[in-house]
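Asks: Mind looking over this structure? Questions follow.
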Amino acid sequence: MKKTIFSLTTAAVLAAAISGCAAVDSANKWGSDAWITTKLKTEQMGASPAIWSDINVETKNGVVQLSGFAKNQADVAKAVEIARKTDGVKSVVNNVIIRP
């Protein structure tokens with residue numbers, strides 16, 4: 001009896017672990033909202049940190065929303081361009097305000 005309970009418990013734990021891994025894999029899938037946001041935040045750190053210093057990124061259903069502040073229109077245009085070129089992005093909503 002104890003052996004059966006142990007076997008069932010072990011099977012349940014393994015099933016939970018496997019389904020948890022599947023959820024992580026789908027969350028990291030190319031083009032998912034989390035993937036897009038992470039990709040853009042990586043661009044923030046690498047490409048032009050000065051442009052992205054006060055710009056926030058949120059993604060929902062492939063639509064990227066940029067909000068926050070930029071120093072000039074050229075910085076806003078560059079941020080929008082990078083967002084639009086990111087794989088999986090369907091559209092970009094620009095709510096960035098220019099603040100000198």
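The values are calculated or read from the model by the stated rules, or taken from the named source; none is laboratory data. Remember, predicted model here, so these are calculated numbers, not experimental data. Heads up, the Cβs are rebuilt from the backbone with ideal geometry, glycines too, and the neighbour counts pull from every protein chain shown. Note: areas computed on protein heavy atoms with side chains; ligands, DNA, RNA excluded. Shrake-Rupley method; radii C 1.70, N 1.55, O 1.52, S 1.80 Å.
Asks: To check you understand DSSP bridge types, tell me what percent of the beta bridges within region 29-100 (both residues inside) are antiparallel, rounded to 5.
Replies: Of all bridge pairs located within region 29-100, approximately 45 percent are antiparallel.
Asks: If R₀ is 35 angstrom, what is the calculated FRET efficiency for the pair Val63 and Arg99, using the beta carbon separation as r and rounding to 0.05?
Replies: Rounded to the nearest 0.05, the efficiency is 0.90.
Asks: How large is the dipole of region 46-100 about the Cα centre if only Lys and Arg carry +1 and Asp and Glu carry -1, each at its Cβ, rounded to the nearest 20 debye?
Replies: Dipole magnitude for region 46-100 comes out near 100 debye.
Asks: Which value in nm describes the separation of the simple spin-label points at Asp87 and Ser32, placed 7 Å from the Cα toward the beta carbon?
Replies: For the pair Asp87/Ser32, the computed spacing is 1.5 nm.
Asks: Given a 1.4 angstrom probe, I'd like the percentage of the accessible area of region 31-85 that is carbon and sulfur, rounded to a whole number.
Replies: Answer for region 31-85 is 52 percent, counting heavy atoms of protein chains only.
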